[in-house]
Amino acid sequence: MKEQFQARMLRIHFGEDDRWQGKPLHEAIVGKCKELGIAEAIVFRGIEGYGSASRIRRSGHWSRSKDAPIQLSIIDTEEQIAKLLPFLDAMVEEGLVATSAVEVIRYSRSDIAPGSEQ
Amino acid sequence: MLQPGKAVKVTIYLGEGATHHGVPVYSSILDFLFYRGVAGATVTKGVAGFGADHHMHSAHLVEISDHLPIKIEFIETRDKVEELLGKLEELAGSGLIETQETTVAKPAQVSKSAKPLTPAHLKIQGKAQMMRIYLSEHDRWSGKPLYGALVEAMRANDIAGVTVYRGILGYGAHRRNRKDNPLLSPHHGSVMLSAIDTAEKLRAFLPIVDKMVAEGLVVFSDVDVIKYAYRALDADQETASATQDSGQGQVQQ
């Protein structure tokens with residue numbers, strides 16, 4: 001099945017060591033996205049970078065040993081993204097959230113409409 | 001799609017030992033023809049022969065000799081052949097390419113229409129689009145990883161450049177059984193392909209994405225390309241690689 005719609009993409013940048021209620025922040029955010037039925041969420045670990053506090057972040061040889069830069073990409077319709085934003089405000093203490101308008105084509109084997117799945 | 005009537009038959013003769021970026025040349029050529037929507041192509045392996053170097057290649061044990069002659073044949077319209085020949089000459093390296101007028105009495109039965117043709121690789125500057133494709137690393141297409149097949153398909157269609165990123169966590173349209181899959185498994189295998197080119201070229205490539213991607217998300221956004229620079233590979237490297245522009249773009253969104 002193929003659907004085409006206008007959507008919004010959020011990119012959130014922070015560090016791998018950032019935590020939320022004891023859990024790694026990126027896992028917490030992906031978990032929240034899933035709970036809200038957000039269409040797509042993916043986390044990337046960068047090899048080097050720096051963020052809002054100008055602290056260099058690097059993934060070490062043992063990739064979990066250092067505070068690597070993390071980028072989280074989230075995609076869904078405006079309404080779905082609007083539902084997520086208040087949670088992000090609370091969860092992301094230090095980081096950057098960028099958004100852009102995008103056009104999306106979704107291929108799926110099921111009949112689940114964007115945002116409606118649990 | 002091929003119609004009955006005048007057409008051109010192209011025959012390419014290669015040594016089997018020839019490689020291009022580590023894969024046999026015949027397989028690069030076959031991939032190229034496939035992704036460019038050629039109606040059909042056949043690779044045959046000779047049992048003995050010699051080429052421009054006048055070195056006799058033969059086999060007592062056909063299976064183990066890796067220098068036997070290889071012949072690739074395909075039939076297409078004159079326009080299509082002319083469009084493909086430049087790239088084929090580079091891919092074939094030291095091999096021989098022959099074209100021959102032919103008549104198609106009856107075309108093979110195909111259900112799909114030909115892909116739209118894309119213009120050759122151009123320098124992009126200014127308004128462009130970024131296409132991101134989200135899939136599972138485990139999705140397969142024709143026996144190989146889908147993300148790799150998409151990269152090959154983009155290369156054959158002169159998309160300026162593509163990068164594959166592996167996510168460390170994620171879920172999305174490509175997750176088959178969302179309820180059953182533990183969300184936080186570290187080996188879930190979400191990948192993202194990111195390609196930048198003009199809107200027209202990316203849109204022209206979409207029918208191929210339609211055919212190859214069964215589950216996934218394709219996201220388009222407008223970007224401004226502020227620098228696009230690439231260097232040609234050294235001439236003394238394998239001749240066949242001359243068109244491998246290492247596209248390098250910096251993008252502002």
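The values are calculated or read from the model by the stated rules, or taken from the named source; none is laboratory data. Since the model is a prediction, treat every value here as computed from it, not as a measurement. Positions of Cβ are backbone-derived with ideal geometry, glycine not excepted, and every protein chain shown enters the neighbour counts.
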Could you look through the stretch B:207-238, keep only residues that are touching a Gly at 6+ places or on another chain (Cβ under 6 Å) and hydroxyl-bearing (Ser, Thr, Tyr), and pick out the one that is modelled with the lowest pLDDT?
-> B:Tyr230
In the stretch A:1-48, the residues that are charged (D, E, K, R) and in contact with a strand residue (DSSP E or B) (Cβ under 7 Å, 6 or more places away or on another chain) | A:Lys2, A:Glu3, A:Arg8, A:Arg11, A:Glu16, A:Glu27, A:Lys34, A:Glu40, A:Arg45, A:Glu48
In the stretch B:116-140, which residues are farther than 14 Å from B:Met192 by Cα, modelled with pLDDT under 90 and buried (at least 16 other Cβ atoms within 10 Å of the Cβ)?
-> B:Thr118, B:His121, B:Ile124
Residue in the stretch A:31-40 that is farthest from the other protein chains (Cβ to nearest Cβ), counting only those that are touching a Phe, Trp or Tyr at 6+ places or on another chain (Cβ under 7 Å) and outside any strand (DSSP E or B) | A:Lys32
Going through the stretch B:145-175 one residue at a time, which ones are more than 9 Å from chain A (Cβ to nearest Cβ) and basic (Lys, Arg)?
-> B:Arg155, B:Arg175
Check B:Gly95, B:Gly15, B:Gly40, B:Gly51 and return the single one that is modelled with pLDDT under 90, under 15 Å from the mean Cα position of the chain (by Cα) and not hydroxyl-bearing (Ser, Thr, Tyr).
-> B:Gly40
Based on what the data block shows, is B:Asp180 modelled with pLDDT of 80 or more and more than 22 Å from A:Ala101 (Cα to Cα)?
-> no
Only listed residue being touching a strand residue (DSSP E or B) at 6+ places or on another chain (Cβ under 8 Å) and at pLDDT below 75, chosen from B:Ser28, B:Ser58 = B:Ser58
